[in-house]
Amino acid sequence: MRIKKSRWLACVGGVALLFVGLVASDVSAGSKQLVRKGNVLFEENCVACHQKGGVGQAGVAPSLTNKEFLSIASDKFLFETIRDGRTDTPMPAFGEMLESDEDITAIVAYLRTFSQGKDLSSKVENARAAMGDPRLGKRWFQQVCEGCHGVRGQGGYDSEGSGTAIGKAGFLNKASDGFIRYIIKNGRSNTAMRGFSGPTGLANLSDQEIDDIISYLRILQ
């Protein structure tokens with residue numbers, strides 16, 4: 001199955017919604033040819049920042065093959081992030097650099113070969129919206145997040161920290177509250193991002209305190 005250009009689909013109004021389904025089904029099929037193409041494209045375009053196997057570089061580019069990340073990141077989230085990039089970070093918009101949307105789909109298919117465990121993306125995307133106090137969230141952010149993610153979540157690239165840019169529109173416009181909540185609570189194994197919930201967390205934040213942080217992040221975009 002060949003996926004038509006998203007720009008063409010966008011011109012057809014409601015039919016544009018079909019694009020997400022086509023991308024998801026193509027990625028799920030995971031043909032060996034598509035994966036091989038994605039591997040080549042990843043090596044050519046992504047390895048410099050995200051490293052071999054997509055393990056990432058602290059302060060430069062996050063891990064794309066971390067098991068927690070892949071379990072909650074939908075194909076749509078991955079596709080749109082690669083296509084649009086993240087403004088004011090080292091992550092460019094590859095939709096302007098690659099030849100077609102099929103190239104982006106191939107990279108997503110390659111990343112999916114690293115997936116482990118259950119696909120939680122739908123559950124995370126449909127989780128409740130955060131109902132927090134951004135004023136309290138700012139205080140928590142300063143205490144437990146700022147050291148890695150920067151004063152306003154600008155990320156390690158623009159600060160002395162090692163964290164990603166979680167306070168910029170490129171991330172916040174695509175990440176749901178459930179996505180952010182899951183990461184804060186559970187962290188990402190084999191990265192500097194540890195979980196912040198429970199007795200083994202870096203800080204035993206309550207669900208309400210996590211919602212406060214999310215609400216604070218939302219006013220930064």
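Just give me the residues in segment 129-153 being in contact with a Gly (Cβ under 6 Å, 6 or more places away or on another chain) and more than 15 Å from Leu202 (Cβ to Cβ), in sequence order.
Gly150, Arg152, Gly153
Could you figure out which of (1) at pLDDT 95 or above; (2) assigned by TED's automatic domain parsing to the domain that holds Asp212 isn't true of Val108?
(2)
I want to confirm something. Restricting to segment 184-208 and keeping residues that are surrounded by fewer than 21 Cβ atoms within 10 Å (Cβ to Cβ) and part of a helix (DSSP H, G or I), which single residue is farthest from the chain's Cα centre (by Cα)?
Per the criteria, the residue is Gln208.
Please tell me if Thr81 is assigned to a loop (DSSP other than H, G, I, E, B) and either under 22 Å from Asn173 (Cα atoms) or of a type in the set (S, T, N, Q) (or both).
no
Matching residues to (1) crowded, with 21+ Cβ neighbours inside 10 Å; (2) closer than 22 Å to His149 by Cβ; (3) under 17 Å from the mean Cα position of the chain (by Cα); (4) in contact (Cβ under 8 Å) with a residue 40 or more places away in the chain:
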residue: Leu41; (1), (2), (3), (4): no, no, no, yes
residue: His50; (1), (2), (3), (4): yes, yes, yes, no
residue: Asp84; (1), (2), (3), (4): no, yes, yes, yes
residue: Glu96; (1), (2), (3), (4): no, no, no, no
residue: Ser115; (1), (2), (3), (4): no, no, yes, yes
residue: Asp119; (1), (2), (3), (4): no, no, yes, yes
residue: Ala127; (1), (2), (3), (4): no, yes, yes, yes
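Going through segment 155-183 one residue at a time, which ones are in a loop (DSSP other than H, G, I, E, B) and either of a type in the set (A, V, I, L, M, F, W, C) or without any contact (Cβ under 8 Å) to a residue 40 or more places away in the chain (or both)?
Ser159, Glu160, Ala165, Ile166, Ala175, listed by residue number.
Which condition breaks for Tyr216 when tested against (1) modelled with pLDDT of 95 or more; (2) hydroxyl-bearing (Ser, Thr, Tyr); (3) assigned to a loop (DSSP other than H, G, I, E, B)?
Every condition holds for Tyr216 apart from (3).
Asp212 fails exactly one of the following numbered conditions: (1) at positive phi; (2) buried (at least 19 other Cβ atoms within 10 Å of the Cβ). What is the number of that condition?
Only one criterion is unmet by Asp212, namely (1).
The values are calculated or read from the model by the stated rules, or taken from the named source; none is laboratory data. If you're wondering where the values come from, they're calculated on a predicted model, not measured in any experiment. Using ideal geometry, Cβ is built from the backbone for each residue, glycine included, and neighbour counts are taken over all protein chains shown.
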